Amino acid sequence: MNYLPYAVAAWLFLVGLYGVTSSRNLIHLIMCVGVIQSSSYVLLLAIGYRVGGVAPVFVDIPANSRAVDPVVQALMLTDIVVEVAVTALLLGLAVQVHKRHGTLNPDRLTKISG
Amino acid sequence: MTRKVRRVFILISAAALAWVFFLAYRPLPPLGFVHSQYGDLVNAITVPERHITDAVSAVNFDVRAFDTLGEEFILFTSVMGVLVLMRRQSDEPAGHHEDKAPGRTVPPASDAVRVTALLLVAPAMLFGLYIVVHGQVSPGGGFQGGVILASAPVLVYLCSEYAEFRRVLSMRLAEVSEAAGAATYILMGLVSLGLGGMFLENLLPLGRSGTLTSGGMVPFIDVGVGLEVGGGLSLALLAYLEELVEEKEQ
Amino acid sequence: MSESILGNAILLFVAAAGTSVVFTRDPTSQAIVVSFYGLLLGIMFLVFRAPDVALSQIAIGALALPLMILLALARVKKQGPKS
């Protein structure tokens, strides 16, 4: 009876959220968002895994072997691609913020200017 | 609100959230005992009916190919966003910083870095292409191979002077590659419409499992995605590199 | 049995590395920690039978993302403290 992956997923989410709320640098904050997102990888991985299952690649193994769930693995692949898209965009925004305001500290970004 | 007050609020809400997580995860079965009928179904049909030995590729590019089209365009849009954000605005001075101060030179990359990068360019390209075209046979596919392909321009940047970097790489080529890759995916969907099926229905001959030509449309889609991801990610990285490179030139 | 020990160990490593990503406050050193974290996630995917995901995680999490972060930091540094 192993519930460790669920605990790890919850822990990564919470610690990432703490990082986001207490961050003093937007680029540090973006990497904390990445940690939050990785909690979903751990959860999906735990859901797709099967005891005694093989990887879902049917080369050199009998076609009816018991394999882990490929559907959630495809979801994780999507998840990772979305992470790189989101991070690239957020980093671009952080560079823009620094260009406009000369600081990356969210606490000092109090003045809103159009 | 001071940082201290804020921290207290964060910790209280985090504790509440942890309790919610506990309630949500408690009904789940332990690791390794979750049972999904869809997973079993895909594993059962992937080799006999789709002739694809990598079940994850079968899900991504055949069973739910339409979803992956959307996923690909998320990346496409985000690359466009990065390019717009990184463009130099008209009201912005052309760059000023300490590296440009008189009497200061930017140190060149060390010979060890340059030789290593030079030796890695060709293997990285080859490995990327291998991963792209073997998507339906072994782990890998367009997304993974595309990312590996996008590492090649960075290696060229590491091992070359600015003039060579400009000669070898062009933004234009990366743009064309990205657009052509995205178009390939949609064209494959239109091909199946033309053959009398549904959008992205796999109607091409399925070939022999375990070979490069197996899986019908899947290898074509894989190559398209590989071009799109490779081109798109190169564009994003080049957009970040662009201004740094301009400095190096002087 | 040994397999579940391996799985638990890598999960704990991932939890520890994720925590250290958050508590590394300097973004430049954090980029290196993120790269290590991405590599650990890749190994975790490999241990739990997901080679496809492991490949893309290692390519993206351990290479592409830290590189992008370092490039963004270089640009921010180049813009100077106040523009």
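The values are calculated or read from the model by the stated rules, or taken from the named source; none is laboratory data. Just so we're clear, the structure is a prediction, and the values are computed from it rather than from any experiment. Note: ideal-geometry Cβ built from the backbone for every residue, glycine included; neighbour counts use all protein chains shown.
Quick grid of which residues meet (1) within 10 Å of chain A (Cβ to nearest Cβ); (2) surrounded by fewer than 13 Cβ atoms within 10 Å (Cβ to Cβ); (3) free of Cβ contacts under 8 Å to residues at least 60 places away in the same chain; (4) among the basic types (Lys, Arg):
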site	(1), (2), (3), (4)
B:THR2	no, yes, yes, no
B:VAL20	yes, yes, yes, no
B:TYR25	yes, no, yes, no
B:ALA44	yes, no, yes, no
B:VAL56	yes, no, no, no
B:ASP62	no, no, no, no
B:LEU75	yes, no, no, no
B:MET86	yes, no, no, no
Of everything in region C:13-25, what is within 15 Å of C:PHE36 (Cβ to Cβ) and either more than 8 Å from chain A (Cβ to nearest Cβ) or not small (Gly, Ala, Ser) (or both)? Give them in sequence order. C:PHE13, C:VAL14, C:ALA16, C:ALA17, C:THR19, C:SER20, C:VAL21, C:VAL22, C:PHE23, C:THR24
Over 13 Å from the mean Cα position of the chain (by Cα), at pLDDT 95 or above and surrounded by fewer than 19 Cβ atoms within 10 Å (Cβ to Cβ): does that describe C:LEU70? no
A:ALA94 being in contact (Cβ under 8 Å) with a residue 12 or more places away in the chain and not charged (D, E, K, R): yes
Tell me which residues, restricted to region A:18-33, are within 12 Å of the chain's Cα centre (by Cα) and at the interface with another protein chain (Cβ under 7 Å from one of its Cβ atoms). A:MET31, A:CYS32
List the helices (runs of 4 or more DSSP H) that sit entirely inside region B:143-250 and contain at least 1 residues that are buried (at least 22 other Cβ atoms within 10 Å of the Cβ). B:171-194, B:218-249
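Any idea which of B:SER214, B:SER192 is in contact with an Asp or Glu (Cβ under 7 Å, 6 or more places away or on another chain) and under 19 Å from B:ARG64 (Cα atoms)?
It is B:SER192.
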Mind checking which residues of region B:27-42 are more than 8 Å from chain A (Cβ to nearest Cβ) and in contact with a helix residue (DSSP H, G or I) (Cβ under 8 Å, 6 or more places away or on another chain)? none
Meets criteria (under 26 Å from A:VAL97 (Cα atoms) and under 13 Å from the mean Cα position of the chain (by Cα)) for C:ILE58: no
